[in-house]
Each structure stands twice: as structure tokens, then as C-alpha cells.
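The values are calculated or read from the model by the stated rules, or taken from the named source; none is laboratory data. Keep in mind it's a predicted model, so treat the numbers as computed, not measured. Every residue, glycine among them, receives a Cβ derived from its backbone with ideal geometry; neighbour counts consider all protein chains shown.
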């Protein structure tokens with residue numbers, strides 16, 4: 001397989017500075033999670049561009065929540081349990 005998918009990603013503080021950035025239609029934008037002392041203080045989030053809306057005005061997609069009852073998230077083949 002010669003194709004490779006690359007997704008734009010950064011922490012939320014840096015995406016907030018991208019006030020004029022408009023993701024292409026279908027473009028995936030990943031807000032990286034922030035970890036301190038081995039625990040997430042900010043969970044990864046995803047937005048999908050529509051080709052006309054600025055990044056800060058796009059809604060987040062609730063895509064990382066896999067098992068609501070058990071409060072587990074899957075991210076990069078790693079399961080994270082919320083305490």
C-alpha cells in the first residue's frame with residue numbers, strides 16, 4: 001500500500017490561535033489530548049471540516065467515547081479508563 005493518511009493535529013491552545021483556518025470538506029482535525037502525571041487533563045477531540053467554516057466555529061465530533069457505561073475511551077489503539 002503506497003497511500004498514507006495524514007491528519008492535522010495539535011493541542012487546543014494552538015488550534016485556538018488558528019482563527020482564519022478553514023479545513024477542507026471532510027478534512028479531519030485532531031485536538032491532541034494533554035497528559036499530566038500519567039492522567040489526561042484534556043481528552044483528544046475531533047472536528048471534521050466542511051470547506052467553509054473556520055476551525056474555531058466547527059463543532060466537535062463525539063467519536064472517542066466507546067463504552068459510556070464503563071467510561072472508557074479508545075485512542076491510538078490504547079484504552080483509557082476514567083477514574
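Looking across 83, 54, one residue alone is at pLDDT below 85 and surrounded by fewer than 14 Cβ atoms within 10 Å (Cβ to Cβ). It is 83. When residue 22 is tested against the conditions (1) at pLDDT 90 or above; (2) loosely packed, with under 14 Cβ neighbours inside 10 Å, the lone failure is (2).
The residue that is surrounded by the fewest Cβ atoms within 10 Å (Cβ to Cβ), among those in region 38-51 that are at pLDDT 90 or above and over 13 Å from the mean Cα position of the chain (by Cα), is 51.
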